[in-house]
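Rule-based calculations on the coordinates, nothing more; no lab input. Note that the structure is predicted; figures quoted are calculated from it, not measured. Virtual Cβ from ideal backbone geometry, glycine too; neighbours counted across all protein chains shown.
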Amino acid sequence: MNLISKTLAAFSLLLAFSSCSAQIKNATTESVKVHGNCRLCETTIENAGSLKKVAQVEWNEDTKMATLIYDTSKTSQAEILKRIALAGYDSDLFLAPDDAYAKLPECCQYDRVSKSTKLQNEEVKTHSMQNHPTAVEKEQEANELKAIIETYYSLKDALVQSDQKSASSIATEFHTVVDKVNMNKLSTEEHTVWMKVRSSLKENIDVISTSTNIEKQRNAFMNLSESIYDLTKVTKLEEPIYYQHCPMYNDGKGANWLSKENAIKNPYYGGQMLTCGNTVEIIK
């Protein structure tokens with residue numbers, strides 16, 4: 001590539017980034033090394049890390065540097081790099097799972113830094129930063145999604161009582177709980193599911209928090225319950241979770257919910273049909 005071509009390419013890239021920055025609110029820009037080989041890698045890395053109006057990734061094949069532009073109120077460098085790692089690409093912060101790397105096309109299978117060496121370095125770094133974590137910190141690390149499930153139970157109980165105002169208030173708090181989830185502390189499996197359900201979670205919580213109609217709240221709760229179920233399947237908690245089913249709701253199509261107790265207390269009908277339903281699965 002001659003000097004003129006390089007200059008034009010750099011100018012085009014600058015224009016693209018300027019346009020991207022204008023579309024993304026609260027935008028910050030960072031550069032991080034992401035390992036890869038070719039143009040196909042470039043496409044995969046950029047697609048994995050980018051989210052419309054939230055994050056934009058541009059990866060340079062020559063320098064192996066990824067430029068991240070993202071809305072700091074909606075995502076973080078860690079979230080972006082985790083998505084890229086799950087697509088098969090190592091960065092200086094996250095290693096790709098071995099199976100994700102193995103699925104890359106042969107031309108994309110870059111030379112990896114020794115995994116054992118990198119993990120040892122990470123362990124030393126982690127130990128120096130967290131010499132003596134408190135009991136509360138240990139609890140948070142072990143149960144990063146616990147607050148999500150506990151808040152869900154509170155919302156379910158409000159619907160059992162047919163208390164529209166309480167359901168709305170709890171859903172408002174629920175939104176804050178969702179935003180506080182630290183993705184750095186999620187396992188790879190939890191992270192994968194979380195990225196799939198997070199948007200749907202927030203949409204249904206918003207409906208419940210803003211609606212003055214309890215039937216609309218219950219319909220959104222039905223959809224919310226499916227997302228929570230997916231999370232419980234990959235999250236280890238001390239207490240069993242009872243996955244329960246109402247055959248009458250949703251025009252006879254049925255609907256599910258989760259409970260911390262085996263006794264049936266139906267959130268879709270409340271006092272009208274409090275014990276309608278049965279436990280279909282116990283998640284341990």
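What is the packing order of peptides 39-45, 85-91, taking the mean over residues of other C-beta atoms within 10 Å and listing the highest first?
Those peptides, ordered most packed to least, come out 85-91, 39-45.
Once you place label points 7 Å from the Cα toward the Cβ at GLN109 and VAL178, how far apart are they in nm?
4.0 nm
For LEU237 and SER199 in one chain, what is 0.36 nm times their gap in residues minus the Cα-Cα distance, to one decimal in nm?
Working it through step by step, the gained length comes to 11.4 nm.
What ranking do PHE94, PHE221 get, fewest neighbouring Cβ atoms within 10 angstrom at the top?
PHE94, PHE221
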